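Structure first, then comments.
Derivation of every value follows stated rules applied to the coordinates shown; laboratory data play no part. Since the model is a prediction, treat every value here as computed from it, not as a measurement. With ideal geometry, Cβ positions are generated from the backbone for all residues, glycine too; neighbour counts draw on all protein chains shown.
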Amino acid sequence: MSARTCVTNCGRPTRDTRLLCNHHVWEVEQALAELPALVDELSTTLTKQAKMGGGKREDKPTKGKVHPLPYDVRASEVLEQIRIVLMGWVMDLRDGSPAPIGPACEDCAHGSCTSIRWHALPADTLQSMSAWLLKRLDEIARHSAADDIWSEITDATAQGWIAVDRAATKTRFVVGPCPELSPTDGAACRGEVWAYIPSAEDQRARMACGECGTTWETHQWLRAGRRILDAKIRAQRATRMVRAIFGGAA
């Protein structure tokens, strides 16, 4: 029997009963982990446009007058779309869980309290919902609609970053897999390194991993880039090995 491949049709193998490959699970993880920062950026865009009067427009533009684009409207729409997506999947994942019974300690090791906290719904904020979903990546990867969860969450957050006022914030792009190892067990970090290039001259460019929090300043980029490339090559070799082993299995 051949190995199961990712439900997104990317061709990458999955493990155990997961329907998503590691790469697409990482993309969901990255989108959710960066969501608090995205909310801050969109809120900043809303505030700046409100101060500039970007939401006020005339029916007939006056010749020579510059009318700022209504980014505040776009940012507001994106925030609402992200809320709809997250709330929908929170309710879907929560639907099959038993309802919490009784009060629970806020922070303890009691088995009953841990179960109640786990199954309880998050607060009605994007930050709380994203944190709630982040704890359930394995459940998401095994969900029968895993491809929909992946596409809706990553698409919604991608639209959010597009809506951010780039002139006042940054340009960002994926560099590659994080090369860092856990100081506790030596396991490879599962995060991705992103480069952040600000347009403002008084801000510094940087690379950072949203998973382990490691940051590299520009003078460290050459050495870090070599390590990231090595990590990418190792990941590709591991993928090819898995395909060779399971793809040829009877």
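Per-residue Cβ neighbour counts within 10 Å put S76, S144 in the sequence S144, S76, beginning with the fewest. The slack in the chain from A37 to D202, taken as 0.36 nm per residue of separation less the alpha-carbon distance, amounts to 57.4 nm.
Can you check what the net charge comes to around D155, using other residues whose Cβ is under 13 Å from the Cβ of D155 (Lys, Arg +1; Asp, Glu -1)? Intermediate results must be reported in sequence, preceding the final value.
Working: positive: none; negative: E27, D147, D148, E152.
Summing Lys/Arg as +1 and Asp/Glu as -1 gives -4.
This model, with +1 at the C-beta of Lys and Arg and -1 at the C-beta of Asp and Glu, gives the range 169-250 a dipole about its Cα centre of some 400 debye.
Is the range 119-189 best put as rounded, prolate or oblate by its Cα gyration tensor, with a ≥ b ≥ c the root eigenvalues, rounded for a/c under 1.5, and otherwise prolate when a/b is larger than b/c, oblate when not? Judged from the Cα gyration tensor, the range 119-189 comes out oblate (a/c at least 1.5, b/c at or above a/b).
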